[in-house]
Amino acid sequence: MATRSRFDHEPVSHSVAHHLVAIAELLEEYGYARVSDVARRLGITRGSVSITLKGLKQKGLVTDDDRRFLGLSEDGRTITDSIRAKKAVMKDLFVRFLRVDEEQADLDTCKLEHLISPDTATRAQSLLDFLDSGAEEADSFLDAFQEFATGNGKGPTKRKKKPRSAKKRS
């Protein structure tokens, strides 16, 4: 269950995720974060950052001190860590196994990082762990998938479609 706890968090919006991650990155890089630093990092106005931060402070995710330096509460840090862990897992999956260009994978995972559920993130991590395990089945799967994905494979075999249940109309 250790992997699952890496991803547990309350859902947040795309914008909130960016603000929280920007604060965390600034704190790691410089040891402090200010509204102007967050605005510069995100490429938006200080006013826009201030509006978002007001809500984050009310929710107890962001703190500030008497010098107006920003920080993350324990909950804010937990959410930020979860977002970053999800992004790392999905980007790894996209780049290494799906062979998505790194820049495109970064853009795509930015859209997903705050949306995917803890269960999905945990399962994606389990898939990566399996594919990295060196197990014969994992190696066979990777070889077959890469051959298929590059167009050298036979393509998908036709499967019987599952019958769809008839929808009742009221």
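The values are calculated or read from the model by the stated rules, or taken from the named source; none is laboratory data. All figures in this text were calculated on a predicted structure; none of them were measured in a lab. Quick reminder, even Gly has a Cβ in these numbers, built from the backbone with ideal geometry, and neighbours come from all protein chains shown. These area figures cover heavy atoms from the full protein model, side chains too; ligands, DNA and RNA do not enter into them. Shrake-Rupley method; radii C 1.70, N 1.55, O 1.52, S 1.80 Å.
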Just to be sure I understand the filter: pairs with C-beta atoms under 8 Å, separated by 6 or more residues or on different chains, first member in the range 76-105 and at positive phi, second member among the aliphatic types (A, V, I, L, M). Which pairs pass?
ARG99/ALA149
Counting only residues in the range 41-66 that are under 22 Å from the mean Cα position of the chain (by Cα) and basic (Lys, Arg), the one farthest from ILE79 (Cα to Cα) is identified as ARG41
Criterion violated by ILE44 - all others in (1) closer than 19 Å to GLU113 by Cβ; (2) open to solvent by 20 Å² or more (accessible area, probe 1.4 Å); (3) without any contact (Cβ under 8 Å) to a residue 24 or more places away in the chain; (4) not in a loop (DSSP other than H, G, I, E, B) satisfied:
(4)
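Yes/no per residue for (1) open to solvent by less than 40 Å² (accessible area, probe 1.4 Å); (2) under 30 Å from ASP143 (Cβ atoms):
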site: VAL21; (1), (2): yes, no
site: VAL49; (1), (2): yes, no
site: LYS54; (1), (2): no, no
site: GLY60; (1), (2): yes, no
site: ASP64; (1), (2): no, no
site: ASP106; (1), (2): no, yes
site: THR120; (1), (2): no, yes
Can you find a residue that is under 18 Å from LEU20 (Cβ atoms) and within 20 Å of the chain's Cα centre (by Cα) anywhere in the range 127-146?
no
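Return the total of residues in the range 23-33 being touching a helix residue (DSSP H, G or I) at 6+ places or on another chain (Cβ under 8 Å) and either crowded, with 20+ Cβ neighbours inside 10 Å or more than 20 Å from HIS114 (Cα to Cα) (or both).
At the first step, the residues of the range 23-33 found to be touching a helix residue (DSSP H, G or I) at 6+ places or on another chain (Cβ under 8 Å) are 23-26, 30, 32-33.
Those left that are additionally either crowded, with 20+ Cβ neighbours inside 10 Å or more than 20 Å from HIS114 (Cα to Cα) (or both): 23-24, 30, 32-33.
Residues meeting the conditions: 5.
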